[in-house]
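> Here's a structure for you.
No value in this document is a laboratory result; all are computed from the given coordinates. These numbers were taken from a predicted model, which means no experiment stands behind them. A quick note on method: Cβ atoms are made from the backbone with ideal geometry, for glycine too, and the neighbour counts reach across all protein chains shown.
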Amino acid sequence: MSSPCDPQYAPAGDVGAALMVVDSRIRAIHDGKTDTDPQQQQLIQQYAATLGPEGVDALVDGACTLIYMFMEWLRKAHEDHDKDVIEYVVPTLVATMRMMPKTFRPEIIPTMAGLVVAAGTGLSPNLWRAQYGLWTDAEMNPLEATAVLLAEHINRIAEDHDFATRLITDALSRADEELD
């Protein structure tokens, strides 16, 4: 039986823009810039403002698509070793979130963990989240950070700082080729 949260019913959103944000955060981390760069934050806010409400929704959907794609890769990687992605990824991710109280206020952690669990069980994170109402402003930075944490987790597994970004860009390229 199909679920109303099946990814086939979810908008992909602006995956390219979401990936650009995630990739820039990862690069900043690897450059030792762990504090929020006010200039970069201002640029992101200005960019989001130019998108309008529909563009912001597309960016949020794109971030959820990234979370889904990252969890799909992690699920397959863990299954190759007869391990459950939920058992191995979610506790580590939640522990990391708890160590970042400025980004992940305690009341946000269950929602972000829920997005990851939804994706890890084959559901669309954005459709799963939609059951609980509209996204809040307080969820935007944690949503971005969740995608960054998953990408960085993949990069550590692959021992390659750019692996997660290439994973998505390769998938987008293949999708474009199939459309042509």
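> Which whole-number percentage describes the relative contact order of the stretch 80-152, with Cα contacts under 8 Å and a sequence gap of 6 or more?
30
> Where in the chain is the longest stretch that carries no trypsin sites (Lys or Arg not before Pro) classed as loop by DSSP and with at most 12 other Cβ atoms within 10 Å? If you can, show how the numbers build up before the last one.
On the way: sites that count: K33, K102.
In short, 103-180.
> Considering Cα pairs under 8 angstrom that are at least six residues apart, work out the relative contact order of the stretch 1-104 and quote it in whole percent. Walk me through the numbers before you get to the answer.
Working: 50 pairs, mean separation 36.5, N = 104.
Value for the stretch 1-104: 35 percent.
> Can you give me the relative contact order of the chain as a percent, contacts being Cα pairs under 8 Å and 6 or more apart? Intermediate values should be presented prior to the final figure.
Details: 170 pairs, mean separation 55.0, N = 180.
For the chain, the relative contact order is 31 percent.
> Between A119, A151, A28, where does the largest GNM mean-square fluctuation fall for the chain, given springs only between Cα atoms within less than 10 Å?
Residue with maximal mean-square fluctuation among A119, A151, A28: A28.
> Moving on. Enumerate the amide H contacts of W135 below 5 Å, restricted to partners 5 or more residues apart or on another chain; note that Pro and chain-start residues carry no placed amide H.
none
> Compute log10 of I(q)/I(0) for the chain with the Debye formula, placing one identical point scatterer on every Cα and leaving out solvent, at q = 0.10, 0.15, 0.18 Å⁻¹, to two decimals.
Each listed q corresponds, in turn, to -0.37, -0.88, -1.33.
> So which residue, out of D137, D14, D84, gets the largest mean-square fluctuation from a GNM of the chain using Cα contacts under 10 Å as springs?
D137
> Okay, next question. Name the residue from W135, I29, F104 whose Cα lies farthest towards the positive end of the charge dipole of the chain, charges +1 on Cβ of Lys and Arg and -1 on Cβ of Asp and Glu.
F104
> What is the magnitude of the charge dipole of the stretch 10-127 about its Cα centre, with +1 placed on the Cβ of each Lys and Arg, -1 on the Cβ of each Asp and Glu, and no other charges, expressed in debye to the nearest 20?
340
> Which residue fluctuates the most in the chain, going by a Gaussian network model with Cα springs under 10 Å, if the choices are I67, I29, I154?
I29
> Right, here's the next one. In terms of the Cα gyration tensor, with a ≥ b ≥ c the square roots of its eigenvalues, is the stretch 21-120 rounded because a/c is under 1.5, prolate because a/b exceeds b/c, or oblate?
Details: a/c = 1.87, a/b = 1.54, b/c = 1.21.
In terms of gyration-tensor shape, prolate.
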